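Worksheet for the structure shown next.
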Amino acid sequence: MSNTAPLGLGLIGCGAFGDFCLHAYKTIDCVKIAAVADVRTEAAQAFGRTFDVPAYSTLEELIADESVQIVHIATPPSSHHELVLAAARAGKHILCEKPLAMNLEQADEMLSAVSTSGTIAPVNFVLRYNDVTRTLKRIIDSGILGQVISGRLTNGASDSMLDPGHWFWDKKISGGIFVEHGVHFFDFYNSLLGPGTVIDANTEIRPGTTQEDRVMCTVKHDSGAIVNHYHGFDQAAVMDRTTHHMLCELGDIRINGWIPLEIDIDAAVNESGAEQLAELCPGAEIKVTDTFDRPRGTLPSRGAPRDLTKRISLHYVPNADKQTVYANSVKDLLIDQLSYIIDKTHTREIDESNGRAALAMAQQACILAGGSQ
């Protein structure tokens, strides 16, 4: 890719996340920041000065700029439909912040326009482009711990910056927590456990308000795993936290952080399994916590004989700096998409189908919870 002229990227939505992304993109050889836009003229102009690029107040001006080949849409969810359609019809590639759209009807119209124009419009699902996620996927696929039977996501998110008038609480703008936020985690678990179907859901209103601040649902994946999702926007900023717990046939996997930074495993394995885990998690701290003096295959579980010789604990931290991990995830996702734009034989980790699949699950969760989408 270094021999290819950089592609010009235009950002629409000059907020804090847009700023974070552009600073990460500056270090990528195959892309150049070409323009920015925001209906808030002062915000756009400030970004223009910071990144030394033209600043526009409308998408129409941005997509008319011939130096822009790919548009990163970082605006509230209710605007995605109109903006993606306009960019696709102008022949621009698109990177869309989650969710893809407010509902499947919008999503299908958008993806039809993208297909017709021969462009791309993936959702920025950064959790897939993370060393912890990639390692976790390899561990699950290896079968060392048997199948994942169940999982639990607990997302205690901060509402410290979400005053009562914030657009996040207006479901006509955000789509609600399942749509605006939950899609990240629907896609995350789909990547690990195969496609999922929401089989139960509920929402809770904050007492004395109309704010839907807690949602929960149960997802059954094609692998057979059952995963419970909980999202609550009710924490002080200093206590914002996300945890994942997966119960496997032969042990537990725990990861922490909205941006996953570490893996903890408590499992029963044999010598070969312990060696494989050490290879998959280079540099991990591994301790033997128990040994089993039994003949091979005489310690069955879930109706199958198991060759287990010891119980181990594993702690793996590939990179402890959250901002570095986050920035690298954003960069890797964009590089993946640019690689495909340049060479259509490249297989992307994320494509248009993933954004639609996660939105379909969010929509089903809203319906089961008694809402409408």
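Kindly evaluate A358 against the criterion of being among the small types (G, A, S), within 20 Å of L193 (Cβ to Cβ) and either surrounded by fewer than 17 Cβ atoms within 10 Å (Cβ to Cβ) or under 16 Å from the mean Cα position of the chain (by Cα) (or both).
The answer is yes for A358.
Restricting to region 288-341, name every residue that is loosely packed, with under 14 Cβ neighbours inside 10 Å and in a helix (DSSP H, G or I).
K322, Q323, T324
When the residues of region 21-44 are filtered to those that are touching a residue at least 60 places away in the same chain (Cβ under 8 Å) and surrounded by 17 or more Cβ atoms within 10 Å (Cβ to Cβ), which remaining residue is nearest to P76 (Cα to Cα)?
Among those residues, the one meeting the criterion is C21.
Checking the structure you have, find out if any residue of region 290-299 is touching a residue at least 24 places away in the same chain (Cβ under 8 Å) and touching a helix residue (DSSP H, G or I) at 6+ places or on another chain (Cβ under 9 Å).
No, there is no match, as no residue in region 290-299 is touching a residue at least 24 places away in the same chain (Cβ under 8 Å) and touching a helix residue (DSSP H, G or I) at 6+ places or on another chain (Cβ under 9 Å).
State yes or no: is S67 surrounded by fewer than 21 Cβ atoms within 10 Å (Cβ to Cβ), within 30 Å of T345 (Cβ to Cβ), over 27 Å from the mean Cα position of the chain (by Cα) and of a type outside the set (D, E)?
So S67 passes the test.
Only one residue in I94, I33 is part of a strand (DSSP E or B), in contact with a helix residue (DSSP H, G or I) (Cβ under 6 Å, 6 or more places away or on another chain), under 26 Å from K171 (Cβ atoms) and at pLDDT 95 or above. Which one?
I94
Here is a list of conditions, (1) touching a strand residue (DSSP E or B) at 6+ places or on another chain (Cβ under 7 Å); (2) touching a residue at least 12 places away in the same chain (Cβ under 8 Å), and K331 meets all of them except one; can you say which number that is?
Of (1) touching a strand residue (DSSP E or B) at 6+ places or on another chain (Cβ under 7 Å); (2) touching a residue at least 12 places away in the same chain (Cβ under 8 Å), only one is false for K331: (1).
Could you check, for region 45-67, whether at least one of its residues is in contact (Cβ under 8 Å) with a residue 40 or more places away in the chain, farther than 26 Å from N354 by Cβ, assigned to a loop (DSSP other than H, G, I, E, B) and charged (D, E, K, R)?
Yes: region 45-67 contains one or more residues that are in contact (Cβ under 8 Å) with a residue 40 or more places away in the chain, farther than 26 Å from N354 by Cβ, assigned to a loop (DSSP other than H, G, I, E, B) and charged (D, E, K, R).
From L247, L261, which residue is in contact (Cβ under 8 Å) with a residue 40 or more places away in the chain and within 27 Å of G224 (Cβ to Cβ)?
L247
Given region 114-230, what strands (runs of 3 or more DSSP E) lie entirely inside it while holding 3 or more residues that are within 16 Å of the chain's Cα centre (by Cα)?
148-158
A quick yes/no check of all residues on (1) closer than 20 Å to G151 by Cβ; (2) hydroxyl-bearing (S, T, Y); (3) surrounded by 14 or more Cβ atoms within 10 Å (Cβ to Cβ):
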residue	(1), (2), (3)
G196	yes, no, yes
I199	yes, no, no
G208	no, no, no
K220	yes, no, yes
H244	yes, no, yes
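Restrict the check to region 242-254 and report whether at least one residue is modelled with pLDDT under 95 and not small (G, A, S).
Among the residues of region 242-254, not one is modelled with pLDDT under 95 and not small (G, A, S), which makes the answer no.
The values are calculated or read from the model by the stated rules, or taken from the named source; none is laboratory data. Remember, predicted model here, so these are calculated numbers, not experimental data. As a convention, Cβ positions derive from the backbone with ideal geometry for all residues, glycine included, and neighbour counts pool all protein chains shown.
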